[in-house]
Each structure stands twice: as C-alpha cells, then as structure tokens.
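Data block below; observations after.
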Amino acid sequence: MKDTANASPAWDELHRRHVAELQQRAERALSLSGHEALLIASGVEKYGFLDDRPYLFQPNPHFKAWAPLCAHPDSWLLVRPGHKPLLVYYQPDDYWHVPPAPPTGFWVEQFELRIISAPEQALQHLPASAQGLAIVGEADAALQHLVPNNPQPLLDSLHWQRAVKTDYELQSLRQASRLAARAHLAAREAFLGGGSEAEIHRAYLVASGHTDRDLPYGNIVGINEHAAVLHYQYQDSTRPTQPRSLLVDAGAQVHGYASDITRTWSFGGAQAEAFEALLAAMEQAQLALVDEVRAGCDYRDIHLSTHRHIARILREQGLVRMSEEAMLAQQVTSAFFPHGIGHLLGLQVHDAGGFLASEQGGTRDKPAGHRYLRLTRDLLPGMCVTIEPGLYFIPTLLRQLRASSAGAAVDWARVEQLLPFGGIRIEDDVVCRAQGAPENLSRDAFAALG
C-alpha cells in the first residue's frame, strides 16, 4: 500500500497511545465474554475455484486495527491482560512473489515480535490449548487446535468501542481524505478534458498514489446515465460523445483506514442549467446535514432529515407538485433518494457495529420504510460517519412512481430533461466532536489543496 504518512514524527506516539487504548478495550471485552486471552488471525489467501490464482487478500479488520499490516496473511496477534501484545509475523522465503518486508516502522515497538517463514510455525509461539481463548477470524484461518470461535459478547463489545476513534485513527483518516481529495480533483480534470470513465479512473489512481489492489473499495466512476446506478461497477473505455455529468465515489487508504468521498460535477453547456441548479441545491442541503452531526444526535434523525431536504428540493425545483409533508407520507422522496444517508467509517468502509443497541449487543432498528440505512446509533464524540445525500433519476424507481397515485404530481417532462444526467451524490467524511460543529475531513482536505 502506498502511504505518504510514515514521515510524520508524531506517528510513533499516536500509535503507542492507540495500542494502549486497544489493550484496555480488549481486556474489557474479555471480561464481558469470560475469556482469558484474545487471539486474532490476520486471515489467509483464498483461491478461485479450480484455479491457482488468489483473490485480493482482505485482512481481518480486528488484526489491522493494531498495526498497519494490510497484506499479511497467516499472521497472528495474541492479546493477554497485563502483557505486551505478541505479534506472529509471517514472512515467507518466496521467489514467486514479493514477501512482506521485515517489520519496521513506527508501530514495531508496541509488540513482542515473532517472525515465521511457514504458517504452521505460528504454533510454536501461540498457546498450546484453545481453552480460555477468544479466537477472532474466519473459519478458514484455523490452525490445528486454534479454531476461530468469534464469541458474540466479545465482538459486540469490540465493535461498540471501535466506533469511537483514537487520535491515531483520526489522523490516519485525515491523511486518507487528503489523498482522495487530490485524486477527485484529478478525476474532475480528466472528465472536463473529455476523458472516458476508464481514463478518469486511471487519473484518480495516479493522483491518489494507489493501484486497484490497495483502494479501500472499487471506484465508482459514472458518466451521464451511469451516475444513476448507485454501485455502478464498470468503467467504460469509450469517450462519451456528449458528456453531461460525472459522479465519482472513491476513497483512499492510510494504515488500513479508509476515506469515502463522492463528488458530482457538471460538464456545463446550455443544456445543463436545470441540472446545475439541482446540484447547487443538493450542495446546500448536504452542508446543512453535515452540521447535524452532533454528540447525542440519533443518526436516524439525520437520515429522516435528509428526506425532508429532498422533498423541499423536489418542490422548489419544480419536479413534484405536492406538499413536502405529502411527499414524505407517500414515500415519493424514496424514489429519488433510495439509500441511507451514510454509515460508520474506519477500518472498513462500512465499519462494523452500526446497528448495536449497546455494548452488550442487541439491535437498534432502522426507521420504518428505510431498510438501506447502515447506522442507527446515537452519535458519540470521536465517531466518524459519512453524510451522503443523493438525488437520482433511476428508470426502475421512476416507473414505479409513475404508476402510483403520486405519479400525477410529478412533472415528467422535467424529469425526462434531467434523466440523461443520471443523478447527484455528495459525500463527506465527518467526525463528531464533544462540543460544537463537527470536523469535516473531506472539506478540510479539499480546502488544503486550494
């Protein structure tokens, strides 16, 4: 993974405090689950069916929480109360591939290190019995008697606590936002230069310093109607004959922590006036929603607030001739904004623990009729969430709306005018503070670029 953050002299101290906090959290989780120690598997490489080529390795997020090791299968971490964490670091003597480098960097001093050259050698350094062990990992990471059991009380506690980021994590997220912001601007320039989706994607990679292998998720690069596909998964290599709009949902990764930013741009021209007015209205609404990220706020309320903003925009922009209250009651806004307002962000793009009712587990329900929301918790200082309102012209949903009783209130001629632009999504990564306005990692990153 490309990483420009290692030069900072503060990383060693930030990471030292981070590991101390993780140790306390692990000990608390162990006390709740009744286990004596926590053993975390980094994971193993997985291979395609009837093939000898591995899929892209994805580390256990519980493993990379402790150290920035994102490409290290067959490694293990043992956490015991009152002891320094023990890291079994797999470094094969391999001439087919580049093996992991010798362990160096700001993070090394926080671990008791054991280097192995074969996976089974880990058994020489780990407990001889699984009794009393909470073993966290996928089933295929099992090594003889060390079989992951993933105790739910322990995972609930860890996931509950993980939502609040340490200073090390926040600084990693800031750096990831800076990489992504620079890349988004490069993508915009490629679009305005007439580039294809594939060319825009390549411009993004160059500017971010990433390759496809180390992106936190596959880039969404949608020109024109493709912007209406929420998780558009292709990148057309053909340049558009008439570029109108571009939606880029893409991030970057530092120390295993992801940024997740979306921007929508207009190509301009005489036909874009209505779309640009809609884009300006969505920009204002998105900033207002970001300001709702406050300690104690129920994140579900921000999602419902988004639908009120969308209803207002639909009315003010002349798309729906109906009161905002009626639009909400008849779920008209869901035809234009079908997804959730956002999610937790951190080690995973959609970070774990978003539905927990408490540290003891349980589920906090989504609002009725809003099944795609990914976070239902009250916000705490240190939480990092995304705020990503959207307004799309999705043919499938529009057909359903047109067939409903509310369809008569829609200005279908105006919808047809905007249909070729696909849609709009604006997404920022936002940190909840103990007091006052939130920290907008994405906007700060763009502002730093001038």
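The values are calculated or read from the model by the stated rules, or taken from the named source; none is laboratory data. As the structure is a prediction and not an experimental result, all values here were calculated from the model. Neighbour counts are summed over all protein chains in view; Cβ atoms, including those assigned to glycine, are modelled from backbone coordinates with ideal geometry. Ligands, DNA and RNA are excluded from the accessible area calculation, which covers all protein heavy atoms including side chains. Shrake-Rupley method; radii C 1.70, N 1.55, O 1.52, S 1.80 Å.
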Handout entry: Pick from the range 384-436, criterion open to solvent by 50 Å² or more (accessible area, probe 1.4 Å) and of a type in the set (A, V, I, L, M), ranking: farthest from R300 (Cα to Cα)
Key = A413
Exercise for the section: Would you point out the residue of the range 213-225, among those that are under 15 Å from S237 (Cβ atoms) and out of contact with any Lys or Arg (no Cβ under 9 Å at 6 or more places or on another chain), that is surrounded by the fewest Cβ atoms within 10 Å (Cβ to Cβ)? Expected result: N219
Completion exercise
Screening R377, R364 for residues that are open to solvent by 30 Å² or more (accessible area, probe 1.4 Å) and modelled with pLDDT of 95 or more leaves only R364
Fill in the blank from the handout: Flagged pairs (Cβ under 6 angstrom, 6 or more apart or on separate chains; first in the range 19-47, more than 21 Å from A122 (Cβ to Cβ) and modelled with pLDDT of 95 or more; second part of a helix (DSSP H, G or I) and not aliphatic (A, V, I, L, M)) are R25/Q161; A29/S157; L32/P153; L32/S157; S33/P153
Practice task
Run A134 past the list (1) modelled with pLDDT of 95 or more; (2) more than 25 Å from A29 (Cα to Cα) and report the number of the one that doesn't hold.
Solution key: (2)
Problem - Considering residues of the range 341-361 that are in contact with a helix residue (DSSP H, G or I) (Cβ under 6 Å, 6 or more places away or on another chain) and assigned to a loop (DSSP other than H, G, I, E, B) only, the residue surrounded by the most Cβ atoms within 10 Å (Cβ to Cβ) - result: I341
Practice task
Report yes if L158 is within 28 Å of the chain's Cα centre (by Cα) and aliphatic (A, V, I, L, M), otherwise no.
Solution key: yes
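If you check P68, P92, P99, which single one turns out to be more than 21 Å from P216 (Cβ to Cβ) and touching a residue at least 12 places away in the same chain (Cβ under 8 Å)?
Details: P68 fails: more than 21 Å from P216 (Cβ to Cβ); P99 fails: touching a residue at least 12 places away in the same chain (Cβ under 8 Å).
Answer to the check: P92.
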Exercise for the section: Check off (1) under 27 Å from the mean Cα position of the chain (by Cα); (2) over 23 Å from L215 (Cα atoms) for F106 and give me the number that stays unchecked. Expected result: (2)
Fill in the blank from the handout: Per the list (1) under 14 Å from A409 (Cβ atoms); (2) of a type in the set (S, T, N, Q); (3) not in a loop (DSSP other than H, G, I, E, B), residue check on Q286 breaks on (1)
Fill in the blank from the handout: Going through the range 33-92 in order, the residues found to be out of contact with any Gly (no Cβ under 9 Å at 6 or more places or on another chain) and polar (S, T, N, Q) are S33, Q91
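If you take the residues of the range 128-176 that are in a strand (DSSP E or B) and within 14 Å of W76 (Cα to Cα), which of them is most open to solvent (accessible area, probe 1.4 Å)?
L143
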Problem - Residue list for the range 184-200, restricted to those being free of Cβ contacts under 8 Å to residues at least 40 places away in the same chain and either farther than 25 Å from R174 by Cα or open to solvent by less than 10 Å² (accessible area, probe 1.4 Å) (or both) - result: G193, A198
Fill in the blank from the handout: If we keep only residues of the range 55-113 that are hydroxyl-bearing (S, T, Y) and touching a strand residue (DSSP E or B) at 6+ places or on another chain (Cβ under 6 Å), then the residue nearest to S31 (Cα to Cα) is S75
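So if I check each of A280, A326, which one is among the small types (G, A, S), open to solvent by less than 30 Å² (accessible area, probe 1.4 Å) and either in contact with a strand residue (DSSP E or B) (Cβ under 9 Å, 6 or more places away or on another chain) or over 27 Å from P216 (Cα atoms) (or both)? Reasoning before the result, please.
Details: A280 fails: open to solvent by less than 30 Å² (accessible area, probe 1.4 Å).
After ruling out the rest, the residue left standing is A326.
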Exercise for the section: Show the residue pairs that are 6+ apart or on different chains and have beta-carbon atoms under 8 Å apart, the first residue being within the range 305-330 and touching a residue at least 60 places away in the same chain (Cβ under 8 Å), the second being surrounded by fewer than 19 Cβ atoms within 10 Å (Cβ to Cβ) and acidic (D, E). Expected result: G318/D411; L319/D411; V320/D411; R321/D411
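Quick check on my filter: what residues within the range 437-450 are among the charged types (D, E, K, R) and open to solvent by 50 Å² or more (accessible area, probe 1.4 Å)? Full working, then the answer.
Going residue by residue through the range 437-450, those that are among the charged types (D, E, K, R) are 439, 443-444.
Correct list: R443, D444.
Kindly establish whether A227 is touching a His at 6+ places or on another chain (Cβ under 6 Å), part of a helix (DSSP H, G or I) and among the small types (G, A, S).
On the way: touching a His at 6+ places or on another chain (Cβ under 6 Å): no; part of a helix (DSSP H, G or I): yes; among the small types (G, A, S): yes.
Here the answer is no, as A227 does not meet what is asked.
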